[in-house]
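Read through the structure below, which is laid out as structure tokens, and then see the notes.
The values are calculated or read from the model by the stated rules, or taken from the named source; none is laboratory data. Remember, it's a predicted structure, so these values are computed and weren't measured experimentally. Note that each Cβ is placed from the backbone with ideal geometry, even for glycine, and that neighbours are counted across all protein chains shown.
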Amino acid sequence: MFRLSAPALRRELSAPDAGAFVTFEGRVRGHNRDREVGALEYEAYGDLAEKEGARIVDEARRRFGLSAALCVHRVGRLQIGEIAVWVGVAAPHRSSAFDACRFIIDELKHRVPIWKKEHYTSGDAAWIGPPG
């Protein structure tokens, strides 16, 4: 299981024309819907998830005039506090950088086939999304 390295990902977005750099880190939190969560487990339909994720990033690059963009989502079991998803964009101006970052994470959640299973501290678990 790999861990995301935010500093390494930021280095991939170096662009001389970028005056703005915006990131989003989605982390595993210890509660959801009034339940204590001990861990999350993500599953994805791999090929489709990668293709749709690339489409979203390409669409954001064109739509917002980005210098660079990157989105990475982990799969497998993650512990509380770990980064599950990372989005970074570089753009000439801050407004397009903020808008593009929000667009990418929102579209990812809506369009990419990734599901999570919440493992509760009580011992039970539940899928949030299709599997199960």
Handout entry: Criterion violated by VAL112 - all others in (1) crowded, with 20+ Cβ neighbours inside 10 Å; (2) free of Cβ contacts under 8 Å to residues at least 60 places away in the same chain; (3) touching a Gly at 6+ places or on another chain (Cβ under 8 Å); (4) not hydroxyl-bearing (Ser, Thr, Tyr) satisfied
Key = (2)
Fill in the blank from the handout: Residue count, segment 15-37, condition closer than 25 Å to ARG3 by Cβ, aliphatic (A, V, I, L, M) and in contact with a His (Cβ under 9 Å, 6 or more places away or on another chain), comes to 1
Handout entry: Hey, TRP127 out of contact with any Pro (no Cβ under 9 Å at 6 or more places or on another chain), at pLDDT below 95 and within 21 Å of ALA49 (Cβ to Cβ) or not
Key = yes
Exercise for the section: Looking at (1) modelled with pLDDT under 95; (2) closer than 29 Å to ALA125 by Cα, find the lone condition where ALA8 falls short. Expected result: (2)
Practice task
Evaluate segment 94-109: report whether one residue or more is of a type in the set (Lys, Arg) and in contact with a helix residue (DSSP H, G or I) (Cβ under 6 Å, 6 or more places away or on another chain).
Solution key: no
Fill in the blank from the handout: Among SER95, SER67, SER14, the single one that is more than 28 Å from ILE128 (Cα to Cα), surrounded by 16 or more Cβ atoms within 10 Å (Cβ to Cβ) and among the polar types (S, T, N, Q) is SER67
Exercise for the section: Kindly indicate the residue of segment 28-59 that is of a type in the set (D, E, K, R) and loosely packed, with under 13 Cβ neighbours inside 10 Å and also farthest from TRP115 (Cα to Cα) among those meeting that condition. Expected result: ASP58
Practice task
Having 1 or more residues that are β-branched (Val, Ile, Thr) is the bar; report the strands (runs of 3 or more DSSP E) wholly within segment 45-103 that clear it.
Solution key: 68-73, 83-91
Practice task
With the checklist (1) under 30 Å from GLY123 (Cα atoms); (2) modelled with pLDDT of 95 or more in hand, flag the one item ARG33 doesn't pass.
Solution key: (2)
Handout entry: For HIS119: the one exception among (1) assigned to a strand (DSSP E or B); (2) out of contact with any Gly (no Cβ under 7 Å at 6 or more places or on another chain); (3) under 21 Å from ALA44 (Cα atoms)
Key = (2)
Completion exercise
Conditions (1) within 20 Å of HIS110 (Cβ to Cβ); (2) within 12 Å of the chain's Cα centre (by Cα); (3) in contact (Cβ under 8 Å) with a residue 40 or more places away in the chain -> ASN32 fails only (2)
Exercise for the section: State which residue pairs qualify: first residue in contact (Cβ under 8 Å) with a residue 24 or more places away in the chain and closer than 25 Å to ILE114 by Cβ and inside segment 85-96, second residue part of a strand (DSSP E or B) and among the hydroxyl-bearing types (Ser, Thr, Tyr) in any location, beta carbons under 8 Å apart, and separation of 6 or more residues or different chains. Expected result: TRP86/THR23; VAL87/THR23; GLY88/THR23; VAL89/THR23
